[in-house]
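The values are calculated or read from the model by the stated rules, or taken from the named source; none is laboratory data. Keep in mind that what you see is a predicted model, and the values were worked out from it rather than measured. Note: ideal-geometry Cβ built from the backbone for every residue, glycine included; neighbour counts use all protein chains shown.
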Amino acid sequence: MFSRRHPFLFFILVLAGLGTFSTLFVSAMVAYTVHRSGLGKADSDLPRVGIVEVSGVLSDAKDVLADLKKMREDESIEAIVLRVDSPGGAVAPSQEVYRAVQQTTETKKIVASLGAVAASGGYYAVAASDGIVASPGTITGSIGVIMGFTNFRELLEKIGLTPVVIKSGEFKDLGSPVREMQPAEREVLQRLSDQIHHQFIRDIAEGRAMDLSRVEALADGRIYTGEEARALGLVDRLGNLEDAAAWAGELAGVQGPVEMVYAREKRLSLIKTIMESRWGEIFGLLFRGRPAALMDGAY
């Protein structure tokens with residue numbers, strides 16, 4: 001064994017390896033920290049338009065609300081674009097963002113840019129914007145409310161399990177998956193769904209300055225392409241993110257091009273940060289040949 005024949009040299013190699021790893025780790029952490037930093041200095045002298053992203057399922061609006069507040073209070077930001085890529089989500093978070101958009105329009109112009117999908121709560125959230133831009137193929141609409149339950153009663157009967165529920169109110173176990181739903185319970189849930197649906201329609205009508213009956217005719221849960229949505233009055237213009245930023249600037253009185261500034265930069269994993277740094281080149285040198293292929297997942 002090499003370690004037995006050359007113990008001193010082996011010791012030196014181990015120390016060198018540990019030193020290299022420590023240096024690599026510290027450098028990567030510094031790069032990772034810098035990359036995750038928030039709003040920084042302007043990259044140019046162009047007027048700045050803030051970009052706030054609404055992505056994924058809307059289950060918590062905390063980050064979006066914080067980003068909107070940051071952009072609203074930043075005097076260097078002329079206008080704001082809400083970039084939406086969301087299929088919707090919970091009711092309350094969508095309404096929270098909708099209200100924050102209303103508050104923002106009182107002091108700054110805000111335009112929504114719809115990405116691949118901006119449906120249901122994803123559309124609700126930005127309906128109060130000063131303008132909405134979508135791509136022709138954007139999936140939007142889905143103005144409706146849905147509740148889903150899976151019932152395991154028959155399965156439990158087959159395997160011999162008997163659920164025991166103790167409750168202090170008639171509807172305390174509403175929607176229970178272990179027993180058949182009663183007509184009175186279905187009525188309660190239907191009434192709740194209808195109430196929320198009415199709120200959805202009312203807020204879109206107000207935010208878009210549309211007639212309530214017109215929105216009701218569109219609010220049967222169906223989805224629309226961006227092109228269809230524009231023809232129906234749910235979208236104002238067709239275009240991409242840059243078009244939305246330019247329009248937001250125009251609404252704010254800006255002449256000419258603008259600089260887009262993100263409220264929070266995208267977060268990279270530590271591994272990806274390392275591989276994109278100069279240390280990635282060192283890894284490439286160390287693991288050429290078959291080990292490199294194994295790192296790439298090729299066998």
Take the residues in segment 229-253 that are within 23 Å of VAL145 (Cα to Cα) and in contact (Cβ under 8 Å) with a residue 40 or more places away in the chain, then tell me which one is farthest from the chain's Cα centre (by Cα). ARG230
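Among the residues of segment 227-234, are any outside the structural domain of ALA134 (by TED's automatic domain parsing), surrounded by fewer than 18 Cβ atoms within 10 Å (Cβ to Cβ) and either touching a strand residue (DSSP E or B) at 6+ places or on another chain (Cβ under 7 Å) or over 30 Å from GLY175 (Cα atoms) (or both)?
Filtering segment 227-234 down to residues outside the structural domain of ALA134 (by TED's automatic domain parsing) leaves none.
Within segment 227-234 (the criterion being outside the structural domain of ALA134 (by TED's automatic domain parsing), surrounded by fewer than 18 Cβ atoms within 10 Å (Cβ to Cβ) and either touching a strand residue (DSSP E or B) at 6+ places or on another chain (Cβ under 7 Å) or over 30 Å from GLY175 (Cα atoms) (or both)), the answer is no, since none of the residues qualifies.
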Of the residues that make up segment 113-131, is at least one out of contact with any Ser or Thr (no Cβ under 7 Å at 6 or more places or on another chain), charged (D, E, K, R) and in contact (Cβ under 8 Å) with a residue 24 or more places away in the chain? no
Residues that are touching an Asp or Glu at 6+ places or on another chain (Cβ under 9 Å) and loosely packed, with under 10 Cβ neighbours inside 10 Å, drawn from segment 146-165: VAL165
Does at least one position in segment 165-177 carry a residue that is in a loop (DSSP other than H, G, I, E, B), modelled with pLDDT of 95 or more and hydrophobic (A, V, I, L, M, F, W, C)? no
